[in-house]
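Structure first, commentary second.
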Amino acid sequence: MLGRALRDAFDPVGLNFWRWTIALVVLLPFGLKAIAGKGAVIRENWKILALLALLSVPLFQTMVYQGLRTTTAINAVLMNSSAPVFTIAGSWILDREHATPRQILGMLISLAGIVIIMTGGEPARLVHLELHSGDAWIIAAIPLWALYSVLLKRRPTGLGGVAFLFVITLMGVGMLAPFFIAGTLMAPPRALTVEAALAIVYVGMAASVIAFIFWNKGVALVGANAAGFTLHLLPAFGTILAIAFLGEQFRAFHAAGIATILAGVLLATWKR
């Protein structure tokens, strides 16, 4: 319901601009304090900071939103499930970091669990999967996210989590602003419903500020490859939330799919 409200109220650029503007407002009091005295670090590392901002804020999010307008939820989840593959490829190309056979096996097992959930326990339904124009936008966005995750190890060590997120958010909003202004001049925005307003505030605070702080910290702790495998948990958590809040009936294939995803992710990320 919230996703439909956002889609009806905003175009992809507008949605992404307001999402990150809200995130910037939330971060402002903490970010200003966090970057105090860090001007030299930011100036010395502005290129990598600008690249990370470009990949994560204007490009990846806008492309995903554009894709979601013209594809189905099943297709979007399946496309998103390719993220670990691109992360592994990026880690090897940039850092010559190899995935282990155990990690690859775990990734394939968790992918099988996603297929079980998305096809209702009937994987043969994939044969009848229809492709949409939005699929291309999403599959093109996934490598950008993988590249962002791999490049996170190159972020300046002098910037903590809040300071780093504040800087790339500020840069990203600045990159988005000209396109948002141009789009607004060509097509004035629609009046916001209460539902859409609440949804954009949630996305700006939870999916931008909180989620990015945890993701960036997780990648710093375990590396891009291991963090990438955890993206397969999204369908599992999505299923649990749909059952808890949307009244979706819990079925055997849900249990089988979630158990398979958890087994695969644990196998891929487990360290002795």
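Read-outs throughout are calculated quantities, based only on the coordinates presented, and are distinct from any laboratory measurement. Every value quoted in this text rests on a predicted model; they were computed, and no experiment measured them. Every residue, glycine as well, gets a Cβ built from its backbone with ideal geometry; the counts of neighbours run over all protein chains shown.
Could you tell me whether segment 80-137 comes out rounded, prolate or oblate from its Cα gyration tensor? Rule is a ≥ b ≥ c as square roots of the eigenvalues, rounded for a/c under 1.5, then prolate if a/b exceeds b/c, otherwise oblate.
Judged from the Cα gyration tensor, segment 80-137 comes out oblate (a/c at least 1.5, b/c at or above a/b).
Once you have all Cα-Cα distances for segment 52-208, histogram them in 10 Å bins from zero and send the whole-percent values.
9, 27, 36, 21, 7, 0
Considering only C-alpha atoms, what is the centroid distance from segment 16-91 to segment 140-188, in Å?
So the separation of the two Cα centres works out to 4 Å.
What Kirkwood Rh does segment 203-268 have if only Cα atoms enter the pairwise 1/r average? Answer in Å. Write out the running numbers ahead of the final one.
Values: mean 1/r = 0.0751 Å⁻¹.
For segment 203-268, inverting the mean 1/r across all distinct Cα pairs yields 13.3 Å.
Let me have the relative contact order for the chain, percent, based on Cα pairs under 8 Å that are six or more residues apart. Write down the numbers at each step before the final one.
Details: 329 pairs, mean separation 106.3, N = 272.
That works out to 39 percent.
For log10 I(q)/I(0) by the Debye sum over Cα atoms at q = 0.17 Å⁻¹, several values are listed as (i) -1.14; (ii) -1.49; (iii) -1.28; flag the one computed from this structure.
Answer label, from the structure shown: (ii).
Going through the DSSP H helices of the chain, which span 24 Å or more along their own axis at the Cα atoms while scoring at least 1.6 as a mean Kyte-Doolittle hydropathy?
101-118, 161-186, 252-269
With a/c under 1.5 counting as rounded, go ahead and sort segment 9-55 into rounded, prolate or oblate using the C-alpha gyration tensor (a ≥ b ≥ c being the square roots of the eigenvalues; past the cut-off, prolate if a/b is larger than b/c, else oblate).
Details: a/c = 5.47, a/b = 1.58, b/c = 3.47.
In terms of gyration-tensor shape, oblate.
Using a 10 Å cut-off on Cβ atoms, rank the peptides 238-245, 133-140 from the highest mean neighbour count down.
On the way: 238-245: 13.2, 133-140: 18.2.
With the highest mean Cβ count within 10 Å placed first, the list reads 133-140, 238-245.
Indicate the gyration tensor shape class of segment 113-272 (rounded, prolate or oblate), computed on the Cα atoms with a ≥ b ≥ c the square roots of the eigenvalues: a/c under 1.5 is rounded; otherwise a/b larger than b/c is prolate and the rest oblate. Before the final figure, lay out each step's value.
Values: a/c = 1.85, a/b = 1.23, b/c = 1.50.
Taking the square roots of the gyration eigenvalues as a ≥ b ≥ c, segment 113-272 is oblate.
Using packing as a proxy for protection, rank 92-98, 247-253 so that the peptide with the highest average count of other Cβ atoms within 10 Å comes first. Show your work: numbers first, answer last.
Details: 92-98: 12.6, 247-253: 11.0.
In descending order of packing, they fall as 92-98, 247-253.
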